[in-house]
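Participant: Have a look at the structure that comes next, please.
The values are calculated or read from the model by the stated rules, or taken from the named source; none is laboratory data. What you see is a predicted model; the values in this text were computed from it and never measured. Cβ: placed from backbone, ideal geometry, glycine included. Neighbour counts: every protein chain shown. For the accessible areas, the whole protein counts, side chains as well, though only heavy atoms, and no ligand, DNA or RNA atoms are used. Shrake-Rupley method; radii C 1.70, N 1.55, O 1.52, S 1.80 Å.
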Amino acid sequence: MDFSYSPAEEAFRAQVRSWIKANLPEGWGSTVHEPEDEHARYMFRLDWEKKLFQGGWAGLAWPKKYGGRGATLVEQAILAEELARAEAPEGLNIIGRNLTAPTLIHHGTEEQRRRYLPKILSGEEVWCQGFSEPNAGSDLASIRTSAVRDGDHFVVNGQKTWTSFAQYSHWCFMLVRTDPEAPKHKGISFLLVDMSTPGITVRPLRQISGESEFNETFFDDARVPVENLVGGLNEGWKIAMTTLTYERGPEDALARQIRFKRDLMRLIVAAKTIPRGPKATAIDDPVLRQKLARSVIEVELMRLNCLRSFSKQLQGKPLGPESSFQKLYWSHMAQGIYETAMETLGPTAPLAAGDPLAPGDGLFQTGFLQSRAFTIYSGTSEIQRNIISERVLGMPR
Amino acid sequence: MNFDFSEEQFAFRDSVRQYLDDRWSVAQLRTHLTGDGFDRELWEGVSALGILAMMVPEEHGGLGLGYVDLALILEECGRHLVPGPAVDTIIATDIISRHGTPEQQAALLPAIAEGGLKIAAAVAEIEGGFRPEDTTTIARPSGNGWALSGRKILVPYAESVDQLLVVARFGDDGPLGLVLVDPDWAGITRRHHQLLDPASRAHEVTFSEVELGGDHVLGGQPLETAVARLVDAGAASASLQMTGAAGKVLDLAVEYTGNRVQFGKPIGSFQAIKHRCADMLVLLETSRTAAYHAAWALAHDPAARRKLVSMAKAYCGDAARSICNEGLQLHGGIGFTWELDIHFYLRRAKTLEYSYGDASAHRECVMAATLAEMEAA
Ligand SMILES: Cc1cc2nc3c(=O)[nH]c(=O)nc-3n(C[C@H](O)[C@H](O)[C@H](O)COP(=O)(O)OP(=O)(O)OC[C@H]3O[C@@H](n4cnc5c(N)ncnc54)[C@H](O)[C@@H]3O)c2cc1C
């Protein structure tokens, strides 16, 4: 057990830190912020991602032949930590980097990897994930969107929903039904689809936070070349499981943890000034202190849980259904932080962004609303509990 | 960067588990519910495995290991409901190794390594809360040494141990420190407590004007750092043991619900039951994370040691509480019987939950430390 970094890793951290400082806009975080407008904000994020690529930081731990630098997972984690610490913008191509890439590295052909991975890194091609449908969410294997072979193409028909970033995406990886007669898990294939294909329509949906990150995506006779199939025909379910494991894994969680912790620290700073009667502030309230302390502990344990899981990966042990435990832990933990935030704000909790009296300009209210999605996306908590009980604890079906 | 144990550390854990599976089943524990509760053969077995020698430095005949090596062993002790004073002796050994005078070390450590000396700490008082700062037991100057007066409660195995490591205040407004006393000395009386956990023993110990020489003060002078380490070590050890007991309860619950049939199916196939077990696993794994990290903090003694230990004690206490309660619930009526073993884990975990500070006290500690860090930054 050793929580220290080697001199080489420390040097790497210093290098990352100075690059970030030199490349974020002057006054970042104090006078310069992300654009207010949602569209402009996403474009700003994409530009930042391209800058990271030009700086040589994209796909750090990926194999060199696909445009990566073959760095260690530890270096990758250091980069994620430093970016989060500097409050650097998130990227837009999160799905491409975190989901498409590892899925293709595991299951794609050499040609597919060479075709798609470099453009994910460069930010030239943004990706979205077409799994969920109106009638297939938790029961993902019941998807109906169909793909029928016609010469060198599949003809895709159906509807996906909750497709995050589809409106900005060049590509979508999706699950399609290729054998309607087979048992439901055995008739699914994994396709890569160019979003500019005629017959694809994207309609943004408004989320409870007011933003429109996710969409409905319609496919009407969209023709997809057969070489865009990943893995074998009707073998898509197994591939989707790999994708989901990465979606729930510790790398994703490590970067999130830093953002949760930052919000919690901001909350504690705010608690020192939010009045509770004429003489006291929120931080003097012993009940609230208990709740804040609970969050301080839990957010730190989120990082340590990730490091435990990460250490297993470093020893070459594959990421398995335990990633469900990480996701279940952090999603509820983070909801707890924003719930406590609302309690800390007390009477001003109902004031949202834009009101001059809203503490932190509505940061906590936005966080609270956004946190409601944590236990729904990447598989709901109920589904994670099914996975843990059946596949980790071995309980009967 | 590696948050895992080594092959050797796991292998040692496995050999300890195997020994305890054979030698300390709950059936065997049940034969010790009356009497002094001290099983000499178990003590000798634990000693033969090298557990008591772990924290003794090599120059005193020990293995020279630390809290990271000990972490899985203490978890195993919790899992098997190993009775004191083994764990109490291990905690005291670390304090003596770090803070004792050379003479104290030479007199005590080799005997501990050989399994010939049992020591327990006397910390808690009825007047005080959980904070050692509230200690009222007092050592006043007397002759060439000190006279010790006061009353301690919940002193583990005070009838069986050879030495007590007592937290006392030196002078009315003086510093805290530790004294080593033989519980058979004149002026010391012991009263056997009735306990929630019948497989443990603890005593109320009263000191009235107990005369001690200066050489009985650990380190030769009152050492607040030694007191601080003692309570942190106690809290971390309790965290590890609670995690062990909770892990066993989850295993029992999964096994029982996999076999018990109602409505024509194993009850473990009902989602209401599965989902609770999944939540218990999240609590258990995160307890491990917290408790192992606290062990690391004791081994490496970073500036944030107290905060890291408090994080573990608070989290593991809450987690063990809910795992033990849920585990019992999932057994239905049989879970409420004396015959079923589960209540012994519940009792042990509950006892540990309140030793060396409960979750609320430790959360307050974390909050204070966090605010102090923010001030300093
Ligand atoms: C912000 C956001 C972004 C998303 N982005 C994407 C994306 O980019 N791509 C994509 O494909 N999907 C995306 N999703 C969809 C997400 O994966 C689904 O919403 C999720 O899997 C749940 O499916 P559902 O919405 O159909 O709910 P349902 O499956 O209908 O579930 C409704 C409720 O029933 C419970 N339930 C269902 N089945 C069971 C069961 N067997 N046992 C117990 N309880 C059960 C659920 O837990 C839930 O509480 C996103 C969702 C959100 C909120």
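Participant: Say the cut-off is 28 Å between C-alpha atoms; which of A:LYS160/A:LYS327; A:LYS327/B:LYS307; B:LYS248/B:LYS313; A:LYS64/A:LYS186; A:LYS312/B:LYS307 go over it?
Facilitator: Over 28 Å apart, Cα to Cα: A:LYS64/A:LYS186.
Participant: So if we plug the beta-carbon distance of B:PHE263 and A:LYS317 into 1/(1 + (r/R0)^6) with R0 = 45 Å, what FRET efficiency do we get, rounded to 0.05?
Facilitator: E(calc), rounded to 0.05, equals 0.70.
Participant: What distance in nm separates the simple spin-label points at A:ARG391 and B:ASP184, each placed 7 Å from Cα in the Cβ direction?
Facilitator: For A:ARG391 paired with B:ASP184, the spin-label model returns 6.2 nm.
Participant: Now for a separate question. Compute the separation of the alpha-carbon centres of the stretch A:79-109 and the stretch A:230-291 and state it in Å as a whole number.
Facilitator: What the calculation gives is 18 Å, centre to centre.
Participant: For the stretch A:7-92, what's the relative contact order in percent, using C-alpha pairs closer than 8 Å and at least 6 residues apart?
Facilitator: Relative contact order of the stretch A:7-92: 35 percent.
Participant: Once you have the Cα-Cα distance between A:ARG114 and A:HIS170, take 0.36 nm times their residue separation minus that, and quote the gain in nm to one decimal.
Facilitator: Full extension from A:ARG114 to A:HIS170 adds 18.5 nm.
Participant: Related question: Could you please report the charge total around B:GLY258, scoring K, R as +1 and D, E as -1 over all other residues with beta-carbon less than 15 angstrom from its beta-carbon?
Facilitator: Its environment carries a net charge of +3.
Participant: Here's another thing I want to ask about it. Quick one: helix B:102-113 against the long Cα principal axis of chain B, what's the angle to the nearest 10°, folded into 0 to 90?
Facilitator: Once rounded, one gets 30 degrees.
Participant: As a test of the formula, what do you get for chain B when each DSSP H run with n ≥ 4 contributes -39,500 (n - 2.57) and the sum is divided by the residue count, at 222 nm and rounded to the nearest 500 deg cm²/dmol?
Facilitator: -17000 deg cm²/dmol
Participant: Looking only at A:LEU267, A:LEU24, A:LEU192, which one moves most when chain A is put into a Gaussian network model with springs between Cα atoms under 10 Å?
Facilitator: A:LEU24
Participant: Now for a separate question. Taking the Cα atoms only, what angle lies between the long axis of helix A:236-247 and the longest principal axis of chain A, rounded to 10 degrees?
Facilitator: Value to nearest ten degrees: 20.
Participant: Which angle between 0 and 90 degrees, to the nearest 10, do you get for helix B:67-79 versus the longest principal axis of chain B when only C-alpha atoms count?
Facilitator: 60 degrees
Participant: Further, regarding this structure: Please check: in the Gaussian network model of chain B (C-alpha springs, under 10 Å), which one of B:ALA226, B:ALA304, B:ALA319 has the largest mean-square fluctuation.
Facilitator: Sorting by GNM fluctuation, first place goes to B:ALA304.
Participant: I would also like to ask the following. Under 20 Å Cα to Cα from B:LYS118, which lysines show up? Leave out anything in the same chain fewer than 8 places away.
Facilitator: Partners found: B:LYS152.
Participant: Taking the Cα-to-Cβ direction at B:SER6 and at B:LEU196 and moving 7 Å from each Cα, how far apart do the two end points lie in nm?
Facilitator: Output for this residue pair reads 3.8 nm.
Participant: Can you compute the label reach from A:LYS186? Point 7 Å from Cα along the Cβ direction, backbone N cut-off under 17 Å, restricted to the stretch A:202-242.
Facilitator: From the stretch A:202-242, the list is A:232-239.
Participant: Using 20 Å as the cut-off for backbone N distance, which residues of the stretch B:110-142 belong to the label zone defined by a point 7 Å from the Cα of B:ASP36 along Cα→Cβ?
Facilitator: Flagged as within label range: B:111-122.
Participant: First measure r as the distance between the Cβ atoms of A:HIS106 and B:SER322, then evaluate 1/(1 + (r/R0)^6) with R0 = 30 Å and state the FRET efficiency to the nearest 0.05.
Facilitator: 0.20
Participant: Tell me the total accessible area that A and B bury against each other, 1.4 angstrom probe, in square angstrom rounded to 100. Walk me through the intermediate numbers first.
Facilitator: On the way: alone 19500 and 16530 Å², together 31820 Å².
Its buried surface, counting both partners, is about 4200 Å².
Participant: Structure shown: which of A:LYS272/B:LYS274; A:LYS65/A:LYS261; A:LYS65/A:LYS317; A:LYS21/A:LYS261 lie over 30 Å apart, alpha-carbon to alpha-carbon?
Facilitator: A:LYS272/B:LYS274; A:LYS65/A:LYS261
Participant: Given a cut-off of under 8 Å on Cα pairs at least six residues apart, what relative contact order in percent is computed for the stretch A:127-234?
Facilitator: So the answer I get is 30 percent.
Participant: Also: Taking K and R as +1 and D and E as -1, what net charge do the other residues with C-beta under 9 Å from the C-beta of B:GLU285 add up to?
Facilitator: Local charge sum for B:GLU285: +1.
Participant: Mind checking which lysines have their Cα closer than 28 Å to the Cα of A:LYS279? Skip sequence neighbours fewer than 8 apart in that chain.
Facilitator: Partners found: A:LYS291.
Participant: For chain B, what is the accessible area per residue in Å² when the probe is 1.4 Å? Walk me through the numbers on the way to the answer.
Facilitator: Working: 14430 Å² over 377 residues.
On a per-residue basis, chain B sits at 38 Å².
Participant: Related question: Quick one: if the Förster radius is 22 Å, what FRET efficiency do B:MET374 and A:LEU357 give, using the C-beta to C-beta distance and rounding to 0.05?
Facilitator: According to the calculation, E is roughly 0.35.
Participant: With just the Cα atoms defining each centre, how far is the stretch A:368-388 from the stretch A:163-187? Give it in Å.
Facilitator: Answer, in whole Å: 21.
Participant: Could you calculate the contour length gain from A:GLU36 to A:ASP221, that is, 0.36 nm times the residue separation minus the distance between their Cα atoms, to one decimal place in nm?
Facilitator: Values: separation 185, 0.36 × 185 = 66.60 nm, distance 3.72 nm.
So the chain would gain 62.9 nm between A:GLU36 and A:ASP221.
Participant: Quick check: residue separation of A:ARG85 and A:THR273 times 0.36 nm, minus the Cα distance between them. What number comes out in nm?
Facilitator: The span from A:ARG85 to A:THR273 would gain 65.3 nm if fully extended.
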